[in-house]
Amino acid sequence: MPTAQLFEIQNNPQYSLVRFFGYVDADTVEKVKPALQEQIPAGCKQLIIDLEKVEFLDSHGVGMFVSFLKRVHSNNGRLIIATPEGQPASVLQMVGFNGPLVSFFENTQAACDNCLMHNQP
Amino acid sequence: MQNIQQQDTLSSVPSNEVVHFDHQFSNAAYHDIAPAREALLAFLLKNDVARSYADMLLLTLTEIITNLIKHPLQKAKNIQCHVSVQRHEVLMDISDDSSPFLDFQDKCNIALARTKGCLPCTHENGYGLACIMQQHASVQYISMTYSKDSKNHFIITDSHAPVCPATPQKHPAERKVVFMVDDDPVALKIHCKMLEKEYNVIAFRSAHDVLEAFQKILPDLIISDLTMPEMDGAGLRRAMMDMEYGNEIPFIFLSGFTDNQHKPQINQLGIDDFLCKPIEKDHLLAVVERLLKRSSQIRSAVQGKMDSEITELFKPALPDNWGNHWRFSVQNVMAEAGGGDFILQEETDTHMLAVLADVMGHGHMAKFFAFAYAGYLRSIFRMHDKPDPTVFFETLSSCTEKDSFLESMIVTCQSVKLAEDGTVDIVSAGHPPPILMTSTECHDVAVSGPLPGLSLQENPYKSTQVKLAEGHKLLLATDGFYDAFNNDKEQSFYRAFMMFCNYLPPTWPHICGWNSARALKKKTV
């Protein structure tokens, strides 16, 4: 049985886009976090996390997002959450993951467009 | 999946019976949680538990099992998850044989406070307990030391869990309740039939039956025949007027009498309408709809007026000036009626002590607690001749540990002691840091301290001193300030703060604030 895809990443000059699939819980975090730390460029200033295909998010998933936030913050950048809906959106709201350094967009395209507009390579 | 012993039981039974779900983990690992989650979801949906609530239970299950895998010194060999559902009542009991958690309740309170009272997005761990605490009416942890079966138990209970209706029809509980009383069984049946698709109609054959039922059920409308044996419609109305809430329920007479014999008597009863038999269905429906809508409007208007009066009564306030160099400004924007923010201040010959506090929660209940808490803080103020922020918090913390009422609340506080020369001593108890704005920069003042009553150390409160020069502003805010800026996701906190200050008219340069925010500024001499 093939392993389900957990994420995909697109790196552009202006931003990086990480799209998660299915569950983002402790199990997923353990599997994907080392790979993502490696694949997200060190100097990334705009990181989009796309939650459109995420069915379930837990506090470990939020913790991973916080680590991404710290990373882009150290580059004087920002973290963007795209398509926060349903259970993942409720969890983000519940833990207060909505500080001034996090931006939210209804869909991925709007998030990407905004990153291009900011144009902070 | 090899090390998991799955004993999921899925059953669909009538809604008033209790249904059970059991799932057992052996030497569990993270990858065992998703299958358990999927099995629990199937069970909950099959038993008509609303998806939004099912998601909450799935998150709680995930957080607890993850904690049990990650944290205990001695790992659990067996974890048992049991869920019982009976209509709106849900119980989740997760038992395990790991080494127990110490100070579980303190950890929960601190985790909860961190998501509420401080700048978010700074910690990578510790959100799980906060999620569990926020989601459920009751969360208990019983360590194996105290449990009968020598296992640790997480027990979650919710008594108002939402359920999906079995049919697409509006749930009867959501429909307006109409009491219909008539001694003529045929007329009673016909009139009930006219309304039963739209309303939850309860039929009665006598006025006495209505009065008895009224003790248990509060209807939205009463439709009564006028002439009935033993007690007639007028007698029923008079009896209702003497009962609690009886005067607030719309009342209609539906009678076969059309002469003027009863009119003087009826006019004194303050009824809402008088309908004559026979009546057509459309007419009856129209009258009932109009009266219920009007009744809702009146209730909303009265409630709204009460809300605004209570909110105004408890509005946080400070004097305009203190001494020769300090000006104060309070800005308070209520997101809803009620709210739990308040300010206290105490003046001496040499200092002024002010406290900004936020009782967690929303609405009138939080306001009630805030009011009670404010009274308690005032009494602590009075305990010392010369109020000092550090002593104040240590006293409060000590009182909280000994008082179950105070202990049951989560409150963040911050106090400032102001001196004439511009010196400010700040002490915080789980509160967002204050912001100092000078002529060139705007930054946090690094100050922190545990919530009252939650410290594990002695003397945990340290005073941080800053000195304000002319034109400097110090802003203390409750976490509502941060929430307000979150409405504008694109706005940097400090940039928004600066922009807000720039909008102020030049004659009032010291006012700065947003939601429940207070600004203190050294007055320009």
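No value in this document is a laboratory result; all are computed from the given coordinates. These numbers were taken from a predicted model, which means no experiment stands behind them. Glycine gets a Cβ as well: all are built from the backbone with ideal geometry, and neighbour counts include every protein chain shown.
What does the charge dipole of region B:199-280 about its Cα centre add up to, to the nearest 20 debye, if the Cβ of each Lys and Arg holds +1 and the Cβ of each Asp and Glu holds -1?
That gives region B:199-280 a dipole magnitude of about 120 debye.
Holding the Cα-Cα limit at 27 Å, pick out from A:Lys53/B:Lys75; B:Lys193/B:Lys216; B:Lys402/B:Lys462; A:Lys31/B:Lys151; B:Lys107/B:Lys417 the pairs that are longer than that.
Numbers: A:Lys53/B:Lys75 33 Å; B:Lys193/B:Lys216 23 Å; B:Lys402/B:Lys462 22 Å; A:Lys31/B:Lys151 31 Å; B:Lys107/B:Lys417 30 Å.
The answer is A:Lys53/B:Lys75; A:Lys31/B:Lys151; B:Lys107/B:Lys417.
Taking each pair of distinct Cα atoms in region B:172-305 once, what is the resulting Kirkwood hydrodynamic radius in Å?
Working: mean 1/r = 0.0664 Å⁻¹.
Hydrodynamic radius (Kirkwood, Cα only) of region B:172-305 equals 15.1 Å.
When the C-alpha atoms of chain A are aligned to their principal axes, what extent does each axis show, in angstrom, from largest down?
40, 29, 25
Helix A:26-39 versus the longest principal axis of chain A: what angle, 0 to 90°, nearest 10, using Cα atoms?
Approximately 30 degrees, to the nearest 10.
In whole angstrom, note down how far apart the Cα centers of region B:182-219 and region A:1-62 are.
Cα centroid to Cα centroid, the span is 60 Å.
Using helices alone, I'd like the mean residue ellipticity at 222 nm for chain A: each DSSP H run of four-plus residues gives -39500 (n - 2.57), total over residue count, nearest 500. Don't skip to the answer; put the middle values down first.
Numbers: 4 runs with 50 residues, N = 121.
One gets -13000 deg cm²/dmol as the mean residue ellipticity at 222 nm.
With 5 Å bins from zero, work out the P(r) of region B:184-259 over every alpha carbon pair and list the percent per bin.
Using 5 Å bins, I get a P(r) of 3, 15, 28, 27, 19, 8, 1, 0 for region B:184-259.
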